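Enquirer: Provided herewith is a single structure, encoded as structure tokens, for subsequent inquiry.
Quick note: the coordinates plus some simple rules give every number you see, no bench work behind them. Computed from a predicted model, the values in this text were never measured in an experiment. Heads up, the Cβs are rebuilt from the backbone with ideal geometry, glycines too, and the neighbour counts pull from every protein chain shown.
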Amino acid sequence: MCTRHMLCGMETTKVAGYAIDVEYDAETLHIHAKNKMARGALTGWTSTAVETGDGKYKIETSSGGADVVILRSQIADVKFKNANPLVNGNLAVTTTEGNRYQMHFRRNQRAGFEVLAHELGAR
């Protein structure tokens, strides 16, 4: 879905994926994970050993931070894999720093992601 900002007149593409919302306005790609599992899938997991107080340790696992915001100038590569009746699709964005973010979507969400992939220059 495309919307036009009232103030600047710039178009914004908004799509909903599998537990994520994505916005792109030709300058910034903003990915919002809707829950803890989606944040972990998007930004990765971190495990830390924590002392329990009785000389033992336990492992605490946490997902990455808040939303992912990528400037258009930081996008180095974009790959699109279409969804089909058996497998979800994904849009993978690699930054100039080497970070890779995968956005997953279902078959009924693929039209919006095809538009987004085209706008990002997917191959």
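Enquirer: So, R0 is 30 Å and r is the distance between the beta-carbons of Tyr57 and Met37; what FRET efficiency does that work out to, to 0.05?
Expert: 0.75
Enquirer: Also, quick follow-up: For segment 25-31, take each phi angle, set θ = phi - 60°, evaluate the Karplus expression 6.51 cos²θ - 1.76 cosθ + 1.60, and give the result in whole Hz per residue in order, putting x for glycine and proline.
Expert: These are the phi-based 3J(HN,Hα) values: 10, 6, 10, 9, 9, 10, 10 Hz.
Enquirer: If Lys and Arg each add +1 and Asp and Glu each add -1, what is the summed charge of the other residues whose beta carbon sits under 14 Å from the beta carbon of Ile31?
Expert: So the environment of Ile31 carries a net charge of +1.
Enquirer: What trypsin sites (Lys or Arg not before Pro) in segment 51-84 are in a loop by DSSP, with at most 11 other Cβ atoms within 10 Å of the Cβ?
Expert: Lys56
Enquirer: Quick one: check the C-alpha center-to-center distance for segment 32-53 versus segment 99-114, whole angstrom.
Expert: Taking the Cα centre of segment 99-114 as reference, the centre of segment 32-53 is 22 Å away.
Enquirer: Using a basic spin-label model with each label point 7 Å from the Cα along Cα→Cβ, how many nm lie between Asp67 and Thr96?
Expert: The modelled label-to-label distance comes out at 2.3 nm.
Enquirer: Within segment 22-94, report the GluC sites (Glu not before Pro) that DSSP leaves as loop and that have at most 10 other Cβ atoms within 10 Å.
Expert: In loop regions of segment 22-94 (DSSP not H, G, I, E or B), the sparsely surrounded GluC sites (Glu not before Pro) are Glu27.
Enquirer: Just round it to a whole percent: the fraction of Cα-Cα distances in segment 2-120 exceeding 24 Å.
Expert: 34
Enquirer: Can you compute 3J(HN,Hα) from phi for each residue in segment 43-59, using the Karplus curve 6.51 cos²θ - 1.76 cosθ + 1.60 with θ = phi - 60°, rounded to whole Hz and x for Gly and Pro?
Expert: Once rounded to whole Hz, the list reads 10, x, 10, 10, 10, 9, 7, 10, 6, 8, x, 9, x, 9, 10, 10, 9.
Enquirer: Which FRET efficiency, nearest 0.05, do Val87 and His30 yield, Cβ-Cβ r, R0 22 Å?
Expert: Approximately 0.25, to the nearest 0.05.
Enquirer: With contacts defined as alpha carbon pairs under 8 Å and 6 or more residues apart, what's the relative contact order of the chain in percent?
Expert: The normalised contact order for the chain reaches 21 percent.
Enquirer: Taking springs between alpha-carbon atoms closer than 10 angstrom, which of Gly40, Gly55, Gly89 fluctuates most in the Gaussian network model of the chain?
Expert: Among Gly40, Gly55, Gly89, the largest mean-square fluctuation in the Gaussian network model of the chain belongs to Gly55.
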